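Here, each number is a calculation from the coordinates, and none is a lab measurement. Since this is a predicted model, take the numbers as computed values, not measurements. Cβ placement follows ideal geometry from the backbone for every residue including glycine, while neighbour counts extend to all protein chains displayed.
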Amino acid sequence: MTATLTDVSKQYGRTVALHPTTLRLDEGVVGLLGPNGAGKTTMLRVLSSALAPSTGTVTVAGHAVTGSHAERTEARRRIGYLPQEVVFPRGMTAFGFLDYIAVLKEWADTARRHDEVRRVLGLVGLGERATVKVKALSGGQRRRLAIAQALLGDPALLILDEPTTGLDPEQRASLRGLLSGRPGTVLISTHQTEDVSALCDRVVVLDAGRVRFDGTVPELLATAAGRVHQGAAPSPGAVQTWRTGTGLIRSVGGRPAAGSSTVEPTVEDAYLLLRSTAPEGAVA
Amino acid sequence: MTASVTPTEPMLGVLARQEIRHYLTAKLYWLGAALLAVVTVIGFVDPTAASGGGESSTMSMIGPAALLGVLGLIIMAGLTRRSDRAAAAAGSVAVPERTRTAALAASVVVPLLTALVWYAAALVDYQVNPPSPSTVPFGPFGAGHVFAVMFALGVVPALGGPLLGLLIARWLPGRGVTPLAVVLVVLVTILMQGNFQSTWRWRVIWPWTYWYGPLGWNSGTGHWVALPGSPLLWIVYLLALCGLGLLVAVYHDPESNRARLRLLIAAATVAAVLALVLTMVLGLPDAAFNPLAGPNV
C-alpha cells in the first residue's frame, strides 16, 4: 500500500498551513514530528480526505483522494484516521459508538460488524468496558476507544494524530506493540520523540508548513552526532540545556564546555538541533 | 488485513435501521408517546373530561403535534448532532453525510407510525363518541374535511417536526439553536391559530393552524367557525414542505450533487407554492359559522 502527496498545499485565507509538499508513504511506521502549528494536523487531515487541499493531489493505494467522489470513497475504504481531538457523541456505549462508526465504514453485515467491534475493543484493552457509556470512561480509555475506531477493518493506511496523548506508560507501550506488529502503512503525528525512536522506521519533520527532514531514525540521529554534551557546565551557545538526574548538565548544540563529554544523541536532541536551524514562519 | 470493506447491501438501509433504533431508545420519544397514550385514552373513556364538551376527537390534534412533532424536533436535532460527532470522531468514513441525513430522515417512521396509531384511535373515538352538532362537521363540509384536518394537524407534524429538527441541526448546529427554534415555533403557532380574523385567509402559510373551532372571541357568538381553504391541498403543501426540508438538509453535504439538488429544491418549492395557492383558493370559499351555539356557551 502506498500513499502519496504530490505538490499538496493548504491555505486558510492568507495563512499558508502547508507549503507545496511531495511525500510518498510506503509500508511501515512513519513518525511525523514538528512543533505546534507546523502543519502536521493539516497534512494528516488532507491525507485522510477530511480536508481538501488548496493545490496538489493525494492518492491512497492508487485511488485519488482529490479525485471523483467514487475515487475518494475507494480511498476512504482503506483509511483509518484518529483525529487529534475527538468529541464523542452523547449517550452511546463504547460498543454502540464503534458499531455506529463501523456502519459508516460500510460494515453492513451485523454479525461480522459486531465481531469486528469486539476485536478492536480487545486490541485496545477495552473488551470489558464495551457496555459502559462513553462518558463514564476515563480520559485514557476514551483515547483508546478513539484509537479503536481507527483500527476498524484493519485499514491499509492508519493515520494517527497524537495517539498517545492521555495514555499512561503501560498503555503507550501496549499501543507501540499493537502498531509495530501490523502490516500496512502507519503515519503517526506526535510530540513524543521516544515513541518515534521506539517505533518508527522513518521520520518526517515538519516545520512552518515545510518538510525539514525525511529519513530514517538513524539518519536523524546522525545529524546530531557529536553535538550533544554532558558535563558540569552548560555548553556555550547550546540550543537547550538542562540538569539531568545525575546532576550533570546536558547540552544540545553549542561549543562543548571544558570537561564535558560527548554523549549519544536522542531523537529529541536531533529534533531540537534541527529546529534550531529552521527558518521562522508563521503557520496556522 | 481486511483493508477495504465492500458493502453487501446498500448502507442507507443499514444506517436507517440504526437511526430507527436510536429514535426508539430516545427517552423523550417514550415520554411523548406515553403522555399521548394517556391523553388519548382519557379522551376516549371520558370525552367531557378531555375536551370540555361535545367535540369528540376533532380538536385533539394538539396532543400528537406537541408530543410527537415538537418533541420530535428536539429528538431529531439530538440524533443529528450525535451522528455528526460520530462521523467527526472517525474523521474519514466511506458513508457520506447525505446518506446519514437520509438515514436520520428515515427514522421519522417511528413518530409517524405512532401518530398513525393515534389517528386510528381518534377516528374510532369520533365514531364511538360522535361530535356534537354544534361543533364540526356542519353545513358546507362533511366528515371528510374534518378527517383531513385531523390528519394534517395530528399526523403530518410527526413527520414535519423531526424533519425540521434535522434541517436545523444540519445548518445551525449550535447547542442553543434547538430550544430557541422550539420557542419560536410555539410562539408563531400561537399567533397563527386563526384567532385574528385578518389572518384567516393566509394563515395556512404556517404549517400548524386550526381550521375550525370555537373561535368565539372573534365571532363574538361562541359559535364554531370553519375557516376558508382546502385541508386536503394543505396536506399536499405540508408534505411538499417536508420534502423541501429534507432536500435542503441533504444539500448541506458539500460532496453531494448540488446541481441536481438545486433542481429538486426548486421543484419542491414550486410544488409547495402551488399547493399553498390552491389551498387558499379552493375548498371553503369563506369562513362558515355553525348556526348552533357552541357546547360551552
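Counting only alpha carbon atoms, the long axis of helix A:94-104 and the longest principal axis of chain A meet at about 80°. Taking Cα atoms only, the orientation of helix B:27-45 departs from the longest principal axis of chain B by about 20 degrees.
With a cut-off of at most 15 other beta carbons within 10 Å, and DSSP calling the residue loop, which chymotrypsin sites (Phe, Trp or Tyr not before Pro) in segment B:171-243 qualify? Please list them. Answer by residue number: B:PHE196, B:TRP202. Calculation over all alpha carbon pairs of the protein assembly as shown in 10 angstrom steps from 0 returns a P(r) of 3, 15, 21, 18, 14, 11, 8, 5, 3, 1, 0, 0 percent. Segment B:117-168 and segment A:230-264 have Cα centres separated by 85 Å. Counting Cβ atoms of other protein chains within 10 Å of each residue's Cβ and taking the mean over peptide A:97-103 gives 6.
For A:87-94, what's the mean count of beta carbons from other chains sitting within 10 Å of each residue's beta carbon?
5
With the convex hull of the Cα atoms taken as the outline of segment B:19-166, the averaged projected area works out to 9.2 nm².
Taking amide H positions as modeled 1.01 Å from N, with prolines and chain starts lacking one, the residues under 5 Å from A:ILE159 and 5 or more places away or on another chain are A:GLY80, A:TYR81, A:LEU82, A:LEU187.
Comparing A:ALA102, A:ALA258, A:ALA148 in a Gaussian network model of chain A (Cα springs below 10 Å), the most mobile by mean-square fluctuation is A:ALA258. Computed with the Debye formula from one identical point scatterer per Cα of chain B, without solvent, the log10 of I(q)/I(0) at q = 0.09, 0.14, 0.15 Å⁻¹ comes to -0.48, -1.04, -1.16.
For segment A:1-105, the list of trypsin sites (Lys or Arg not before Pro) that fall in a loop by DSSP and count at most 16 other C-beta atoms within 10 angstrom reads A:ARG14, A:ARG90.
How would you classify segment A:110-197 from its alpha-carbon gyration tensor, with a ≥ b ≥ c the square roots of the eigenvalues: rounded for a/c under 1.5, else prolate if a/b is greater than b/c, otherwise oblate? Since a/c reaches 1.5 but b/c is at least a/b, the shape of segment A:110-197 is classed as oblate. For A:PHE213, nonlocal amide neighbours, meaning residues 5 or more places apart or on other chains whose placed amide H falls under 5 Å from its own, are A:VAL205. Each 10 Å bin from zero holds the following percent of Cα-Cα pairs in segment B:161-274: 13, 34, 31, 16, 5, 1. Across segment B:190-297, Cα pairs under 8 Å and at least six residues apart give a relative contact order of 35 percent.
The number of Lys pairs in the protein assembly as shown with C-alpha atoms less than 29 Å apart, excluding pairs fewer than 8 positions apart on the same chain, is 9.
Residues in segment A:35-47 carry Karplus couplings, in order, of x, 4, x, 6, x, 5, 4, 4, 4, 5, 5, 5, 5 Hz; the curve used is 6.51 cos²θ - 1.76 cosθ + 1.60 with θ = phi - 60°, and Gly or Pro positions show x. The C-alpha atoms of chain B define a longest principal axis, and helix B:109-128 lies at about 20 degrees to it. Loop-located GluC sites (Glu not before Pro) across segment A:28-85 with a Cβ neighbour count of 11 or fewer within 10 Å are A:GLU85, with loop assigned by DSSP.
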